[in-house]
1. So Ala154 ticks every box in (1) of a type outside the set (Ser, Thr, Tyr); (2) in contact with a Cys (Cβ under 9 Å, 6 or more places away or on another chain); (3) open to solvent by less than 20 Å² (accessible area, probe 1.4 Å) but one. Which box is left unticked?
2. Return the residues of region 386-405 that are over 24 Å from Ala314 (Cα atoms) and open to solvent by less than 50 Å² (accessible area, probe 1.4 Å); say none if nothing qualifies.
3. Restricting region 17-52 to residues that are of a type in the set (A, V, I, L, M, F, W, C), touching a Phe, Trp or Tyr at 6+ places or on another chain (Cβ under 8 Å) and part of a strand (DSSP E or B), which is nearest to Thr106 (Cα to Cα)?
4. Checking Asp740 against (1) surrounded by fewer than 13 Cβ atoms within 10 Å (Cβ to Cβ); (2) under 33 Å from the mean Cα position of the chain (by Cα); (3) among the charged types (D, E, K, R): exactly one of these is not met. Which one?
5. Show the residue pairs that are 6+ apart or on different chains and have beta-carbon atoms under 6 Å apart, the first residue being within region 239-250 and within 16 Å of the ligand (Cβ to nearest atom), the second being of a type in the set (Phe, Trp, Tyr) and open to solvent by 10 Å² or more (accessible area, probe 1.4 Å).
6. Please find, within region 194-218, the residue that is nearest to the ligand (Cβ to nearest atom) out of those that are open to solvent by 10 Å² or more (accessible area, probe 1.4 Å) and in a helix (DSSP H, G or I).
7. Out of everything in region 551-583 that is of a type in the set (Asp, Glu) and open to solvent by 10 Å² or more (accessible area, probe 1.4 Å), what residue ends up being nearest to the ligand (Cβ to nearest atom)?
Amino acid sequence: MEDEATREAVESALAKLDLDAKARLLQGQDMWTLPALPEIGLGSLVMSDGPVGVRGVFWGPDDPSILLPSPTAMAATWDPELIARAGVLLAQEARRKGVHLLLAPTVNMHRTPVGGRHFEAYSEDPLLTGAIGSGYVHGVQSGGVGATVKHFVANDAETDRMSVDNIVSPEALREIYLAPFEAIVRDACPWAIMSAYNGVNGTTMSEHTELLRGVLRDEWGFDGIVVSDWMGTRSTVGAITGGLDVAMPGPQSVYGELLVKAVQNGEVDESVVDEAVRHVLLLAARVGLLEGAPAAVAEFPAVVDGREIAREIARRSFVLARNAEVDHTPVLPITPAESTVALIGLAARDARVLGGGSAMVFPETVVSPLDGLTAALPEGTLSYHVGTVLSEDMGVADRGFTLRARCLATDGSLQRELPMADGNIMWMGNLPEGVDYPSLQTIEILGTFTPELSGPHRFGTKGIGQFTLTVDGETVFEGEQTLESFDPFEMLFGSPKDRAVVELEAGRPVEVALRYEPMKMEGSPIAIVSFGLGHLEPQRDPEELMAEAEAAAAQADVAVVVVATTDKVESEGFDRTTLALPGRQDELVSRVVAANPRTVVIVNSGAPVEMPWRDDVAAVLLSWFPGQEAGSALAEVLTGAAEPGGRLPTTWPATLADCPVTEVTPTDGKLVYTEDLFIGYHAWDRSDIAPAYSFGHGLGYTTWEYEEVDWDGEAVTVRVRNTGSRPGREVVQVYLAPVDGDPSRPARALAGFASIEAAAGETVTATVTLPKRAFEVWEEASRTWAYRPGAYDLTVGGSSADRPLTLPIEAAV
Ligand code: BGC
């Protein structure tokens, strides 16, 4: 616990609460908040997702947030200090929105690239995950806002995530899956941890006494709150005795009245409830919500420019995987005044800036690659071509639509009118101010649509309830969508249903209106309004689109193709079944490179994809989900104004079939982590198959020579020289391999890393301190970390596959 004043304030507040109030405080009063208890001077604690922005309590664009690059991108910077600055920005956003607890970071592991939320986690390596996560938590909390490290533990895939029991050996659990949580608790003292939906080794995580109480609190000394994942609790007694402090959301959960009854029945001792309340009060004190207790941070650190940091992280995260020479010069960077550029790909115009699910936030603006390059390149040197569509499914109305929503009560009075960023409404729990759920009768989406193309436009509806759709003055659909089979994910994130086709003329604006009467879920404790207007523009002949892109590529000096995944590929809620790019994008790349050898491919995905053409194209730049400043960062990097600074935080396989771990579907409710300690580069190291790009790989615009490595018993010093003609930044990686190591264990592991910057020709020294843990393994028999003295090989380089220097060392007994 903290200082005396805080301790006293917490104890005196606790002493004033009766059982009823305590039990109320331990559950949500709604989707995102805990109740205020004015009788003890306690304000209401507000929570919000994370991790790439702060959505706030509404799911919608009316209170936008800065959108940072995906967590995979953050990890690709290999720079905990930069990510700490991102954390300060997030705290600033949280404070602006009245949020006290951010539901981030996600530090589950990249066990396999098919994991649907891969984009939302950092890395396949626990050391890197822990370092980036610690930076993030430290930054957020230095702004006086709590961070919630999630999902504790082993929520590494989405299939049956509510019920799956992950069977993990004690060694893998400690050394891989718990390791980042442990590092973050030790180094950054998070104020909250979120328990996972899944079970581990037979016990569901919201009731896992051994891990929540034994490991997290008793062993590691965690003093924050343990909050459940949303609707991730199973039983009252199991949760409270297991160590879960707060059940979310509310107002109906396993706590509240049920907890009162459990105490009254004698199933739970009130002291156990008190302990949980103490944790909540301490958190409230830290964030400044408890009268009489000083907030942990009295003054906010310096104001952070959100757009600038979003751009900095994006360019520092882009991984230049390949940059081949064409006519004796690397194809990147492009010299703007000397080159004409054909920009190709739907995602160049409609950038995929973030992954799907609870991690979604609504940015005020998005700079697409097309916007960014248009601004950066001299007029008349850039042309744009779609090339191919990614999917022929109807999407939500967006391009060309200007829409607003009107909420009407049963008596026809207007409750609220709001602007909309696109045709989608998704309100859960907290409705916009002025909207009263019980009396809400109708919502209208109204506005104009100006088509870009003449021809048959398809319109659709999304959601459950009664719809009337009017386009250009004509009612084109009237009908009801009933609850066929209830799948909440489908309802919230599914595709719209095709309802009508209307011939429209390019450039002529038409009025559109979708009138909706929601079907309210009787008995649902949470108010949910989720519906939308769908649209699909006339589909151009696919051959014609490809041919146009090929012709443009042939004429330009450089072709830049942006390929991407879609929200049907990378999202919370489901795992991936393929790593292939959707649609005909592979064919597009192959045809473009056949037309122009100077082809640069930008891969806009949060996680690995297959790139069968990767050795044929001149350059491959992995841009992750780059956040709202996607295009401005990309323009800086392509034109050489900045270096692409990223290194892979996870191995990119050539094909899914090559991947060491692909199984995410449980059998009889159990998913056995049969690979044990061998995920990521540990597994690739022992396989005969080479990946497309190794862990740690990434090029810049200069070259490096690793000259010398030394070790003084604690720190490794590495002398590197910039042998190119530009200044640059290198991530020096240190791997440690026991000589004659146990063959049932990975041959070597990342033991530390450091970034250095050097001017052309300059020699600099990187210093990497090796933690004691690098020489330890988990010994289950004694339930301790066992130090392993003796002979090791220290290998050093710019990626796990390229380690030019080796130093034999002896770890002291
Ligand atoms: C996710 C959490 C998230 C929560 C609240 C859950 O579905 O697993 O990561 O914080 O929803 O949105």
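The values are calculated or read from the model by the stated rules, or taken from the named source; none is laboratory data. These figures come from a predicted structure and were not determined experimentally. Cβ coordinates were reconstructed from backbone atoms using ideal geometry, including for glycine residues, and neighbour counts include every protein chain displayed. Heads up: the accessible areas ignore ligands, DNA and RNA and are worked out on the full protein's heavy atoms, side chains in. Shrake-Rupley method; radii C 1.70, N 1.55, O 1.52, S 1.80 Å.
1. (2)
2. Looking only at region 386-405, we keep the residues that are over 24 Å from Ala314 (Cα atoms), and these are 387-389, 391-405.
Answer for region 386-405, where residues must be over 24 Å from Ala314 (Cα atoms) and open to solvent by less than 50 Å² (accessible area, probe 1.4 Å): Gly387, Thr388, Val389, Met394, Gly395, Val396, Ala397, Gly400, Phe401, Leu403, Ala405.
3. Met47
4. (2)
5. Every condition considered, the pairs that remain are Met248/Trp230; Pro249/Trp230.
6. Taking the candidates together, the pick is Glu207.
7. Glu572
Yes/no matrix, rows are residues, columns are (1) open to solvent by 30 Å² or more (accessible area, probe 1.4 Å); (2) small (Gly, Ala, Ser); (3) farther than 23 Å from Arg307 by Cβ:
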site	(1), (2), (3)
Leu25	no, no, yes
Ile40	no, no, yes
Ser65	no, yes, no
Leu68	no, no, no
Glu81	yes, no, no
Ala84	no, yes, no
